[in-house]
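Okay, structure first, notes after.
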Amino acid sequence: MRYSFSLRFLLRFWKLHLIFYSSQASIAVFFLLITVSALYQFVGYRVGLISGNFFEVLVNKDQDEFGWVCLKSTGLILAATVTKAGKDFLSRRLMVVWRRSLTGHLQELYIRGDNFYHIQGGRQEVDNPDQRLTADVSSMLTSYQLLIQNDLFILPAATGYYAYKAYCASTWVGPTAMFGLFLLSFLNKFLMSPVAKRTARLEKREGDFRYLHTNLREHAEALALQAGGEEELARSQSSLGLLCTAQEHLYDWTLALDLSTNLFSYLGSILSYLVISIPIFSGYYDNLNNGELTKAISNNSFVCMQLVWQMTQLVNMADTAASMAGSTHRVAEMLEVLEWGPREQHHHPEPPQEVVMVSLQNTDIVAPSSGKVLVNALSLELVRGKDVLVMGPSGAGKTSILRVLRGLWPTSGCVAMLGHHQTACLPQREFLGEGSLRSQLEGGGSEMGGYEEDASLLDLLNLVGLSGLVVRCGGLDGGPGQAWSQALSPGERQRLLWARLLHQRPALALLDEATSAVSEEVQEVLYREARARDITMLSVGHRNSLRSLHSQLLLLDGHGGWRVEDLAPLL
């Protein structure tokens, strides 16, 4: 069943509201904002009557009353100033509270269970999840905050009140004329949908363009060495062209929406005077003196103009709502994928015996994207202290075995492995997060250690050949001054992760080309130190020198076949 754009937007926006109000703080701030907004509307109405009061006392030349009007008007202006500032402050604070709730909820769904891996793997129609989590959420909430700041939730009640006052001032003609203008303004509804769709398309192009430059920054050296700048320039220029075209299309449709909203805004300013002229020319105010008539004209004009303004505010919100709908669609779409169709991580039971670290029995290794069977009916046991090396041609499924063991890929057959808290993995492409040198060694979020722990970390750095890194970072609690991935060479990154592995001492280590960027001499030292710490290793590699560092060899032939050979390790 296909919903209309408006209904789909409302359903998704309501779902996001359930997350917005998931905390008591957001509910409290929201109701406080509504209270202050209502108070501001009341004070604003009283401020609007100031002109009439001044006209009356000035026309009547009432000097005694003039002082009292000045004093009362000053108090009203101060009250309006305070309530307006408080309303704006609370609307901005509410946006922050909502962003914390929504982004925190999305991040939890996105990161837990390795859903970020499955979405990035392209098996869900969610492009640029990083932009949806950051820029799109911010854009949506900024637009929504603007609507709230303009009294979205107070406008219906305020409009009803001013309609009643306009009826009292000019009978049925006033509110009827104003509501007629408002009904005509529904033309904007038909212009909102194309604007919202093109906003979503523009944000997608923004994400694609940003991804290209992020990728360029992360792989700057490799691209320069490969002399691929011209090709990347052509790709970036093409992406820029698509981005600017999407931006032009959005602004073309925004022009029509702007013309419509501005037309109704300016028509309202004329209509208020036309309405107030009817009771004046019909003799409705003939019994009033000059001062009272002047006050009545001023007050009634204010009421009619306020009625027009309230309804015009609703019309003008169409543009903001249309822009918000595009980002809302992208955020809600990601939320639906994460909540309704997240990839559950495949947790494997632990082996029945502590001596067995990994057990695969009649297990097919199948690529989820293509359904191709990479390894047929694999059976393998990794026993404590008996390290296994996996070798084979490119594409044979070596790394895929690690993906299955880590629960990233589904599989058939019987798979059992030690729990994640006892297992560490060094992937082929290293990841180093933010933080100090100490946090890189200890796994992040650590407190400052004591003397003995510091000495142990320094010994590890010296062991892996990174003693100079302490000086570069200004100590264990310092950093390199830039991203770790850019500050260190591939070999240094691998040795740093090995130092972390040796410090943490997991029972099982899954290693994917973990020594490809270091010398064979350093490689032997690293494996020897791991074995001395009773770390059992399952290694993926291509160097023949790795054979002497393992007890068994799992050899894949690249056609689904495999065999296991015993090795004579040096360690």
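Since every read-out is calculated from the coordinates, none of them should be taken as a lab result. None of the values given here were measured: they were computed from a predicted structure. Cβ coordinates were reconstructed from backbone atoms using ideal geometry, including for glycine residues, and neighbour counts include every protein chain displayed.
By how many nm would the segment from L553 to L263 lengthen if fully extended, with 0.36 nm per residue of separation less the alpha-carbon distance?
Values: separation 290, 0.36 × 290 = 104.40 nm, distance 7.79 nm.
Here the answer is 96.6 nm.
Give, in nm to one decimal, the length gained when the segment between I278 and Y211 is fully stretched (0.36 nm per residue of separation minus the Cα-Cα distance). List each step's numbers first, then the result.
Values: separation 67, 0.36 × 67 = 24.12 nm, distance 6.18 nm.
This chain segment gains 17.9 nm when fully extended.
If you build the Cα gyration tensor of region 5-340 and take the root of 5 times each eigenvalue, what three semi-axes come out, in whole angstrom, biggest first?
Sorted largest first and rounded, they come to 51, 22, 18 Å.
Taking a point 7 angstrom from the Cα of N289 along the C-beta vector, which residues in region 35-61 have backbone N less than 14 Å away?
In region 35-61, the label zone of N289 (backbone N under 14 Å from the point 7 Å along Cα→Cβ) covers 56-61.
Below 8 Å, C-alpha to C-alpha, sequence gap of six or more: please give me the relative contact order for the chain in percent.
15 percent
Can you order the peptides 457-470, 397-410 by their average number of other Cβ atoms within 10 Å per residue, highest first?
Peptide ranking by packing, descending: 397-410, 457-470.
Could you rank the peptides 250-257, 49-56 by their average count of other C-beta atoms within 10 Å per residue, with the highest value first?
Taking the mean over residues of other Cβ atoms within 10 Å, the ranking is 49-56, 250-257.
I'd like the Karplus ³J(HN,Hα) series for region 104-110: coefficients 6.51, -1.76, 1.60, θ = phi - 60°, whole numbers in Hz, and an x wherever there's a Gly or Pro.
So the J values, rounded to whole Hz, are x, 5, 5, 4, 5, 5, 6.
Relative to the longest principal Cα axis of the chain, at what angle does helix 5-20 sit, 0 to 90 degrees, rounded to 10?
70 degrees
With +1 on the Cβ of every Lys and Arg and -1 on the Cβ of every Asp and Glu, and nothing else charged, how large is the dipole of the chain about its Cα centre, in debye rounded to the nearest 20?
Working: 48 positive and 55 negative charges, 264 e Å.
Here the size comes out at about 1260 debye.
Along the Cα→Cβ direction, 7 angstrom out, place labels at E565 and T320. What is the inter-label distance in nm?
For the pair E565/T320, the computed spacing is 7.2 nm.
Which value in deg cm²/dmol, rounded to the nearest 500, describes the helix-derived mean residue ellipticity at 222 nm for the chain, given -39,500 (n - 2.57) per DSSP H run of n ≥ 4 and division by the residue count? Before the final figure, lay out the partial values.
Values: 19 runs with 354 residues, N = 571.
One gets -21000 deg cm²/dmol as the mean residue ellipticity at 222 nm.
For T245, T199, what's the fewest-to-most ordering of other Cβ within 10 Å of each Cβ?
T245, T199
Among K295, K386, which comes first, then next, by fewest other beta-carbon atoms within 10 Å?
Ordered from fewest to most neighbouring Cβ atoms within 10 Å, K295, K386 come out as K386, K295.
May I ask which residue of W409, P490, I154 lies farthest towards the positive end of the charge dipole of the chain, with charges of +1 (Lys, Arg) and -1 (Asp, Glu) on Cβ and the Cα centre as origin?
Looking along the dipole axis, the top candidate is I154.
Rank these for me by crowding, R495, R528, going from fewest to most other beta carbons within 10 Å.
Listing R495, R528 from fewest to most nearby Cβ atoms yields R528, R495.
Beyond 18 Å between alpha-carbons counts as too far, so tell me which of K72/K295; K372/K398; K87/K165 fall in that bin. Don't jump to the answer; show the numbers that get you there.
On the way: K72/K295 16 Å; K372/K398 14 Å; K87/K165 25 Å.
Pairs exceeding 18 Å: K87/K165.
Can you tell which of G75, H420, N376 lies farthest toward the positive end of the dipole of the chain, using +1 and -1 charges on the Cβ of basic and acidic side chains (Lys, Arg; Asp, Glu)?
Farthest towards the positive pole: G75.
Would you mind calculating the gained length between A234 and L49 on full extension (0.36 nm times residue separation, minus the Cα-Cα distance), in nm to one decimal?
So the chain would gain 60.3 nm between A234 and L49.
Identify which of the listed values of semi-axes √(5λ) of the Cα gyration tensor in Å was calculated from the structure shown: (i) 37, 28, 22; (ii) 48, 37, 24; (iii) 69, 26, 21.
For semi-axes √(5λ) of the Cα gyration tensor in Å, the calculated option is (iii).
Rounded to the nearest 0.05, what FRET efficiency is calculated for L71 and E434 with R0 set to 60 Å and r the Cβ-Cβ distance?
For L71 and E434, the calculated efficiency is 0.55.
Name the residue farthest towards the positive end of the dipole of the chain from the options Q24, S516, N287, assuming +1 on Cβ of Lys and Arg, -1 on Cβ of Asp and Glu, about the Cα centre.
Farthest towards the positive pole: N287.
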